[in-house]
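Engineer: Have a look at this one before I ask anything.
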Amino acid sequence: MKLIRYLLFLCGTIFSCQQEFIPAINSNQNQIVVEGYIEASERATPAYVILTRTIPFFHEFNTSQNFFVSGATVYVSNDQDSVRLTEICWTDLDSATKKTAANLFGINLDSVGSKFNFCVYADISQKIKGEYGRSYHLTVRKDTTLLSATTTRPQKVPVDSVRFIKPPGGNKNDTMAQMQCYFNDPTELSAYYYRVLNAVNEKPYKAGSFSVVDDQFFHGQTVKFNLFNAYKPRVDKTEIQGLFYRGDTASVKLCGIDRAHFDFWNTLELNANNQGPFASYTRVKYNIVGNGGIGIWGGYAVAYYTAVVPTK
Amino acid sequence: MRIRNFTRALSYFLTIFFFPFLLDAQNFTISGYIKDGRTDETLIGATVSSKDNPSVGTVSNNYGFYSLTTSKGKYTLIFSYIGYQNKEVIVDLSANQSLNASLSDGLSLQEIVVTAREKEQNVQGTQMGTVALSIESVKKLPALAGEVDILKTLQLLPGVKGNEGQAGFYVRGGGPDQNLVLLDEAVVYNPGHLLGFFSVFNSDAIKNTTLIKGAMPAQYGGRLSSVVDIQMKEGNNKEYGVEGGIGLIASRLTVEGPIEKDKSSFIFSARRTYALDLAQPFINQTKFAGSNYYFYDLNAKINYKLSEKDRFYLSGYFGRDVFAFVSKEQGFNFNLPYGNATASLRWNHVFDQKLFMNVSGIYNDYDFTAGGGQGDFVFKAFSGIRDWNAKADFDYYPDYRNSIKFGVNYTYHRLTPNIISATNGDQTFSNNLSPQFAHESAIYVGDDFKASKALSFNIGLRGALFNQLGPYTSTITGKVYATNEVVKTYPALEPRLAVKYSFDRENSVKASIAYTTQFLHLVSNSTSTLPADVWVPSSELVQPQTGVQYSTGYFKNLKDNMYETSIEVYYRDLNHQIDYPDNYVFGDKPLVEQSFVYGKGRAYGVELFIKKAKGNLTGWIGYTLSRTERQFPDIENGRVYPATYDRTHDLSVVANYRLSRKWEMGGAFVFATGNAFTPIKDLFLIEQKLNVEYAPRNSSRYEPYHRLDLAATYTPHPGSVKKFQSTWTFSVYNSYNRLNPYFIYYDVQNNLEKGTAKATAYQVTLFPLIPSVTWNFKWRQKKPAAIEKNPTF
């Protein structure tokens, strides 16, 4: 999207112009959208699944609109156990639990109105524990729709260290820093896939525009990469986007994911960014199998790292 | 099986038709060159024929050479060429003789119709779906920003489709990589500048352009759809001249003249854009100081006539686009240089009057680099294609009924995939890709054969062989191949046949069939072709594309050839077509071909063409009704879908009107069904952000595309006998400011803090109304004679 804006700016200064386009309605049925994760980490969360419906193309969306699918039967299993997930809705929670849930699901408590609702199917018993290197199976049944998926969590790759350097180029801003993150890509697997998220202070973990990478270019190497802050800076300036404020607490969540999970994020992120005359539309590659549903059932092998951005 | 029958038929024809003439001792030959009388530029496709019996005739080849063998006797031969005065020569053919004909480019002051005979070529020629455009007629048409563009003019012809802002064009349902674009016989792999807004062909350096969209003759191969054969000027052999132009975005300068009079000449032509150069002082005051974009083209050619039998030509083209983006604040820089280079060395030799040979050594290169960095991080991506080509082509004219072409062609290809490297401080990353190599060889024979006054054939056979070569490591078996070791071989046999039956001089029907094979592929993952797109060879992973085209048509000229009309119908089957799956992600696999999916295509349509070739008002109307489909098992389980460039209706109206001696007006109107595109179907939430779900591929259409361009050319001193002459061209692109859709994009704004999201679709228009003015000038060493151009197309 950024590329399009740059190009539009470039062309626009000379020639082009744009107008709003009203697309024809191409949708005649709402599909179920599955978004489920199972995490293995030192602070593992219960496996959970959010079920929503696809929405015909429209203009405005806000949290008071309800797209959640209630009353579905959701099972998660590994090769030994199986558990039915329990449906929990936001309005059922007390305020303390709401805070925990908001942090877990990335909900901003300040913005949610009184009509806000949010439903999730969770393994509250935590019977199925997230373990490294195991496969997990999901089935979802709602009325006549039957969906399923399998995900595998690879081994964890720890974050080796994190450094903060001065912003690149001529950016003289001394209140901000660029994060550099180090880890060792494992040699034992022929291919390894990562998703990186970050948090700042008390805020929940959030992914940037391009959050996944495979080790095609650095297989088995020690990797240093610039981690761009997914949170927008407090002042809207392009040149400080992606940087961290000195004095803030910055956290990294490095997730090992399987190929299908990687493909999902990789295509989803292109789906939003890859448009225009110099690109093609990208159809998202889901790992959900079955008619009437799309989405992801993803396993994460998570490593965390937290550091305070030095003031100098 | 079909191919085998065809081969049998070919040998039958060769035996039956050649031998009687080869054995006939009473025949004599007249041969030579047909040239422009003022500059000595050879004329391509000029006709020579007997006044009494027009079927005793021939056409000059790409080097202006003709050879006519017929029985002993007295003949009045008429030499003719579009826009030139006919020349009548009485010859007594009692022995072989040489005759060079020089034609005058225009009318003497007494008006006589000069082009009639040449004009019958469209009816009487065997080849169908062929259009020759003289650069003079192209220059009269309106052009975007005043930049005359031969490829854009071709897109005004029926069966040829283009998109605004793209150099790539689509012929009868074929992709942009399926057109063989030749400049002095060198393949031009990327004919576009500025992401395709302009073509690389500088009109001042171009002499002639031929488009073959029907069955291509056997001397052409390696592409499925069409041939665009462009010849550069050779340079004035008689006097020095300078011409050029100053336009809105670019300027041109061409210098030509004799090196040794009547023996050798040169031409050097340059073009460069400067819009952003002029803006440099302003850009340097912004935070983007150092950013710039420009492109340039250099064309150079020299020729040397060693003797009447031997001529040498050395020609070259070099063009580049240079884009630099610098953002000092962010410490970010990005460079994008890319371009083509070609060089052709050719030797023409006339063995005897009936046998003409051209031996060529050709080098061509297209390379694309993208590089840049921020802070410690520096990256570079490089791709390209480089060919070394040697070929020998023979034209053999045993008698006036047969014009035989045969030859051999060999190319060594070096194809560089996207080699990406990056450094981040002390760390280095690379995708460790290596170039791929291939031999492409071909042998061909073809005959343009007049069986009778009414019936003629163009029959040909081309055999091609493609070898993928080492060094290469198989991505299937892991086997390592040594340098020049053959990895995979693909043979191909391509029969071609065209038949013409003429009812009289002004009415004919034609039919043709052509099998074609393509070994190199350019697959684009965008709606337009991009300079970064990579040419990929046929290999153990990729099979050659194959195609067959059937076409038939009726051709009629009216009112003493004032009007040329035709209706052509075509049907094409395309196999092993290549595309990306619709969840393709760039860089997903090391080689792009590992991500390819394969399918088939078909295209059919009808093309109507009416051209007014003479008079104060000239021009044409071209209309195409067509359908182009693709089917890939791996795309939506084999659902047949319209190709992106499927266009139901496509209309072009082109007119040129001579208002007075000083003013000439030109106009072009185009109307086309909107392009197919893949629309949005639904939105869905993931991580509380809106994402888009797409409907089936190409299941929707943009609004129709239409546009009217106008031009006026003002000659302040028509008929001037001064050495220096100039003209002004005023043009308006998209004169009624139609906001045609260029692309549609969806903007999804997620605001997680506020818990809101908004999705909007936008339609972007590339070029609204754009006026331009160009000043063109010409200086000649000698004063021209007082002549005036005859308005023809």
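The values are calculated or read from the model by the stated rules, or taken from the named source; none is laboratory data. The shown structure was predicted, so the numbers you read here are calculated from the model rather than taken from an experiment. Using ideal geometry, Cβ is built from the backbone for each residue, glycine included, and neighbour counts are taken over all protein chains shown.
Engineer: If I ask for residues that are part of a loop (DSSP other than H, G, I, E, B), over 30 Å from B:His717 (Cα atoms) and in contact (Cβ under 8 Å) with a residue 60 or more places away in the chain, which ones from region B:646-665 would you list?
Structural biologist: Scanning region B:646-665 gives B:Asp646, B:Arg647.
Engineer: Another question, then. With the structure loaded, tell me whether B:Tyr363 is at pLDDT 95 or above, closer than 25 Å to B:Leu530 by Cβ, away from chain A (no Cβ under 14 Å) and assigned to a strand (DSSP E or B) or whether it fails that test.
Structural biologist: yes
Engineer: Search region A:214-225 for residues that are more than 7 Å from chain B (Cβ to nearest Cβ) and free of Cβ contacts under 8 Å to residues at least 60 places away in the same chain and pair each with any residue that is assigned to a strand (DSSP E or B) and of a type in the set (S, T, N, Q) when their beta-carbon atoms are under 8 Å apart and the residues are at least 6 apart or on different chains.
Structural biologist: Note: pairs meeting the criteria are A:Gln221/A:Asn184; A:Gln221/B:Gln427; A:Val223/A:Asn184; A:Val223/B:Gln427; A:Phe225/A:Gln180; A:Phe225/B:Asn424.
Engineer: Considering (1) surrounded by 23 or more Cβ atoms within 10 Å (Cβ to Cβ); (2) within 11 Å of chain B (Cβ to nearest Cβ); (3) under 15 Å from A:Lys206 (Cα atoms), say which one A:Val284 fails and leave the rest.
Structural biologist: (3)
Engineer: Sticking with this one: Would you confirm whether or not region B:632-645 contains a residue that is polar (S, T, N, Q), more than 14 Å from chain A (Cβ to nearest Cβ) and either in contact (Cβ under 8 Å) with a residue 12 or more places away in the chain or surrounded by 20 or more Cβ atoms within 10 Å (Cβ to Cβ) (or both)? Don't jump to the end; show me each part of the working.
Structural biologist: Start the filter on region B:632-645 by keeping residues that are polar (S, T, N, Q), which leaves B:637, B:644.
Remaining after also requiring more than 14 Å from chain A (Cβ to nearest Cβ): none.
For region B:632-645, residues polar (S, T, N, Q), more than 14 Å from chain A (Cβ to nearest Cβ) and either in contact (Cβ under 8 Å) with a residue 12 or more places away in the chain or surrounded by 20 or more Cβ atoms within 10 Å (Cβ to Cβ) (or both): absent.
Engineer: Give me a count of the residues in region B:549-568 that are crowded, with 19+ Cβ neighbours inside 10 Å and aliphatic (A, V, I, L, M).
Structural biologist: Residues meeting the conditions: 0.
Engineer: Looking at region A:231-241 only, could you name the residues that are at the interface with chain B (Cβ under 10 Å from one of its Cβ atoms) and either crowded, with 17+ Cβ neighbours inside 10 Å or in contact with a strand residue (DSSP E or B) (Cβ under 6 Å, 6 or more places away or on another chain) (or both)?
Structural biologist: Matches in region A:231-241: A:Tyr231, A:Glu239, A:Ile240.
Engineer: Check whether at least one residue in region B:666-683 is within 8 Å of chain A (Cβ to nearest Cβ), touching a helix residue (DSSP H, G or I) at 6+ places or on another chain (Cβ under 7 Å) and either not in a strand (DSSP E or B) or not hydrophobic (A, V, I, L, M, F, W, C) (or both), and report yes or no.
Structural biologist: No, region B:666-683 contains no residue that is within 8 Å of chain A (Cβ to nearest Cβ), touching a helix residue (DSSP H, G or I) at 6+ places or on another chain (Cβ under 7 Å) and either not in a strand (DSSP E or B) or not hydrophobic (A, V, I, L, M, F, W, C) (or both).
Engineer: With the condition kept exactly as written, say whether any residue in region B:709-720 is surrounded by 17 or more Cβ atoms within 10 Å (Cβ to Cβ) and either under 23 Å from the mean Cα position of the chain (by Cα) or within 14 Å of chain A (Cβ to nearest Cβ) (or both).
Structural biologist: yes
Engineer: Take B:Pro491 and decide whether it is out of contact with any helix residue (DSSP H, G or I) (no Cβ under 6 Å at 6 or more places or on another chain) and free of Cβ contacts under 8 Å to residues at least 40 places away in the same chain.
Structural biologist: yes
Engineer: Residues of region B:55-69 being among the aromatic types (Phe, Trp, Tyr) and in a strand (DSSP E or B), which ones?
Structural biologist: Residues satisfying the conditions are B:Phe65, B:Tyr66.
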